[in-house]
Amino acid sequence: MNTKVLEIDKDNIDKGSIIEAANMIRAGKLVAFPTETVYGLGADGLNKTAVKGIFQAKGRPQDNPLILHIHSIEQIFPLVKEIPELTYECMKKFWPGPLTILFKKSELVPDIITAGLDTVAIRMPDHPIAVELLRESNTPIAAPSANLSGKPSPTNAEHVIEDLTGKVDMIIDGGDTGVGLESTVLDVSGNCPMILRPGGVTLEDLREIIPDIIQDLGTIKEDEKIVPKSPGQKYRHYAPKADMFVYTGKIDSIVDKIKEQANLLIKEGKKVGIMATEETKDNYIQGTVLVVGSRENKNTIATNLFKTIRLFDDNNVDVILAEGVETDHIGTAIMNRMMKASSGKIKKI
Ligand code: AMP
Ligand code: MG
């Protein structure tokens with residue numbers, strides 16, 4: 001398949017380019033586009049064949065449901081059975097933005113979108129290119145992250161080009177994304193409001209509207225098997241080629257431990273990458289040191305996390321030693337992604 005890369009300036013959007021991309025969506029083609037979280041791989045959410053193409057291009061397991069993206073509240077009504085009061089309040093406060101909300105789905109939503117579940121995940125993104133594409137396409141767009149399944153989500157067009165060239169019809173290059181991590185997934189469809197996946201809208205933000213909101217512990221019981229309520233959470237994600245270890249605790253102890261480990265590994269002949277922060281970078285004198293962001297402003301760490309993981313792979317390191325962060329505000333989502341990227345290899349010092 002020939003993949004067209006189309007550059008669009010998000011601050012000066014060329015209408016003709018948006019029409020070209022929207023025509024692709026309407027024709028059932030696959031178009032990757034930027035959002036404020038990560039790049040999405042879009043297709044007409046009401047066209048089953050097009051949606052099937054998303055799963056094929058990404059190599060995504062069929063039981064992992066997709067998020068539908070919209071640009072106006074009116075677009076929701078045909079897609080859902082009801083909108084509870086609490087859901088309205090969340091939409092009003094956090095949309096457009098990095099919050100995905102589950103609704104009881106209507107008959108119109110194809111089963112392939114929801115992987116057979118009776119809920120559908122919907123989000124209104126806050127990125128000018130995404131909004132214009134949605135408006136011009138005039139259909140809900142299904143869009144998971146535009147990476148090959150299992151790899152870190154793309155936060156710039158180069159990442160998408162690396163993963164999906166030849167597999168999709170168009171890639172819109174709209175520069176770097178902002179938040180850098182995927183949206184928060186919120187379930188207010190049952191009796192117990194729950195965050196199924198932490199993201200840019202945090203537990204602390206949501207508590208202002210839902211004081212008793214809880215963060216899902218990841219599991220419900222099903223025939224003795226433990227399965228996550230959000231199917232995507234059970235898969236290996238964001239995985240670098242290198243083996244990754246994350247250290248948490250007091251920052252001075254983390255730095256000492258990483259230096260000690262780096263020394264040992266280098267003696268064994270390993271190529272070591274260190275994921276450092278602005279505040280700690282000067283402590284590290286060995287290995288490939290990359291600064292992911294500032295501990296003073298954890299949003300910068302979220303923004304750069306996936307890019308930094310990909311950069312370590314580009315540098316062909318064997319092992320990544322990463323500093324963890326405190327799990328408050330955006331830190332919860334950062335540690336969730338680090339946990340997955342490291343296959344759970346988090347060590348408290
Ligand atoms: P991605 O678009 O790649 O960020 O993945 C979408 C995430 O939303 C995955 O973790 C899915 O499991 C989750 N998701 C989508 N629809 C539902 C749903 N109906 N119920 C629970 N989780 C969902
Ligand atoms: Mg994804």
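The values are calculated or read from the model by the stated rules, or taken from the named source; none is laboratory data. Here the structure is a predicted model, which means the values were calculated and not measured. For neighbour counting, all protein chains shown are included, and Cβ atoms are generated from backbone atoms with ideal geometry for every residue, glycine included.
Numerical summary
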item: Unmet criterion (only one of (1) buried (at least 22 other Cβ atoms within 10 Å of the Cβ); (2) in contact with a Ser or Thr (Cβ under 6 Å, 6 or more places away or on another chain)) for Pro140; result: (2)
item: Options Ile301, Ile254: the member that is more than 25 Å from Thr184 (Cα to Cα), within 27 Å of the chain's Cα centre (by Cα) and crowded, with 21+ Cβ neighbours inside 10 Å; result: Ile254
item: Whichever residue in region 230-245 is aromatic (Phe, Trp, Tyr) and within 16 Å of ligand 2 (Cβ to nearest atom) and, among such residues, is modelled with the highest pLDDT; result: Tyr238
item: Residues of region 49-80 satisfying the condition of being charged (D, E, K, R), away from ligand 2 (no atom under 16 Å from the Cβ) and within 19 Å of Ile171 (Cα to Cα); result: Lys52
item: Some residue of region 23-43 being more than 16 Å from ligand 2 (Cβ to nearest atom), in contact with a Ser or Thr (Cβ under 8 Å, 6 or more places away or on another chain) and small (Gly, Ala, Ser); result: yes
item: Considering residues of region 187-205 that are out of contact with any strand residue (DSSP E or B) (no Cβ under 7 Å at 6 or more places or on another chain) and modelled with pLDDT of 95 or more only, the residue farthest from Met91 (Cα to Cα); result: Glu204
item: Residue satisfying condition, being of a type in the set (Val, Ile, Thr), surrounded by fewer than 18 Cβ atoms within 10 Å (Cβ to Cβ) and either under 21 Å from Lys167 (Cα atoms) or within 14 Å of ligand 1 (Cβ to nearest atom) (or both), within set Thr119, Thr100, Thr49, Thr37; result: Thr49
item: Selection status of Arg123, within 19 Å of the chain's Cα centre (by Cα) and of a type in the set (D, E, K, R); result: yes
